[in-house]
Amino acid sequence: MKFSCVATLISTIVGSSAAFSPSLFDGARTHSSQLNARKPFISGNWKLNPQTKAEAVTLASDIASKITDSTPDVDVALFVPYVFIETAMDASGEKLMIGAEGVCPEINGAFTGAVSTSMLNSVGVKWALAGHSERRVIFGENDEYINGQCLKLIEEGMAVMLCIGESEAEYEQKLAGAVCAVQLKKGLAGISKEDLDRVVIAYEPVWAIGTGKVATPETAQNVHSKCRAILADMYDQEAADAMRILYGGSVSPESVDELMSQTDIDGALVGGASLDSEKFGRIINFQAV
Ligand code: PGA
């Protein structure tokens, strides 16, 4: 899409934030309004890896073994190919949450190759990714489709990690915040404040994914704080303060500590380094500086 189209789209959507009025709040989530309620969340995205069940068993159990008594109080999830979900659950015991890399927004019917929320729920999966840039770009999943995935997961009682982020060209045009605003508003459309405790956001600048070009902590913090402001606009400040916003894009043992020290960075979504138990183990055991 040309920048002019992006800019028009952005101004249309950003300007319509009044449509996202806060839903009634019953006070049940009072604790999550506190910043320290944002428990760190380290997650791995295996993508089209590893190549065999035996390798998946070894990798999941090796990663689980990195969670020890001295590990920070952190949620750890692995998003894995469907075929390895139960394998990874068995291999990692209770230590890891095993999620799906995607889900079909339809519940049943003639959708060859698709996997539904109820299928996943029935095998104990509670989490799925939505909106990963590889799904957006390679598989053509647009914001409406992604919103359907988010809604279906919430409806099923599951949780979603919604991935957002700008392309390199958009970054250079200083459109990161605006692109995230569009993706957040479209992705979360129809999700109430009460259901936000089952939503996590992963900000992943596309130019940083798989490139080794990790965003600087300052750059990432800047966009994360913009995302939180957008959430405050869509819902309210309390909801925004409670939302966990993860950074993704070439996170490594070398970069994790500084990233995790930023005020608005609550975790990491890790691709390449989640395929190496030593590296991912170090990321799980991050040391905020
Ligand atoms: P990367 O992938 O860590 O290999 O950059 C991140 C992701 O795609 O979620």
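Farther than 24 Å from Asp266 by Cα and surrounded by 19 or more Cβ atoms within 10 Å (Cβ to Cβ) - does that describe any residue in segment 116-124? Yes; the residues of segment 116-124 include at least one that is farther than 24 Å from Asp266 by Cα and surrounded by 19 or more Cβ atoms within 10 Å (Cβ to Cβ). Checked against (1) away from the ligand (no atom under 16 Å from the Cβ); (2) crowded, with 18+ Cβ neighbours inside 10 Å; (3) over 20 Å from the mean Cα position of the chain (by Cα), Phe111 meets all criteria but (2). Within segment 78-94, the residues that satisfy the criterion of being surrounded by 17 or more Cβ atoms within 10 Å (Cβ to Cβ) and farther than 22 Å from Arg136 by Cα are Phe84, Ile85, Thr87, Ala88, Met89, Ala91, Ser92.
Of the residues making up segment 196-216, those that are surrounded by fewer than 19 Cβ atoms within 10 Å (Cβ to Cβ) and in contact (Cβ under 8 Å) with a residue 12 or more places away in the chain number 6. Taking the criterion of being without any contact (Cβ under 8 Å) to a residue 40 or more places away in the chain, out of contact with any strand residue (DSSP E or B) (no Cβ under 6 Å at 6 or more places or on another chain) and not in a loop (DSSP other than H, G, I, E, B), the residues of segment 89-125 that qualify are Asp90, Ala91, Ser92, Ser118, Met119, Asn121, Ser122. Cβ separations smaller than 6 Å between residues 6+ apart or across chains give the following pairs from segment 157-170 residues that are touching a residue at least 60 places away in the same chain (Cβ under 8 Å) to residues that are crowded, with 21+ Cβ neighbours inside 10 Å and in a loop (DSSP other than H, G, I, E, B): Cys163/Gly131; Cys163/His132; Cys163/Glu204; Gly165/Glu204; Gly165/Pro205.
Condition check: assigned to a strand (DSSP E or B), within 16 Å of the ligand (Cβ to nearest atom) and surrounded by 19 or more Cβ atoms within 10 Å (Cβ to Cβ). Does Ala128 satisfy that? Answer is yes for this residue. One residue stands out among those in segment 131-143 that are part of a loop (DSSP other than H, G, I, E, B) and more than 15 Å from Gly249 (Cβ to Cβ): the one that is nearest to the ligand (Cβ to nearest atom), which is Ile138.
We did not get these values from a lab; they are worked out from the coordinates using the rules stated. What you see is a predicted model, and the numbers here were worked out from it, not measured in a lab. Methodologically, a virtual Cβ is constructed for each residue, glycine included, from the backbone with ideal geometry; neighbour enumeration extends over all protein chains shown.
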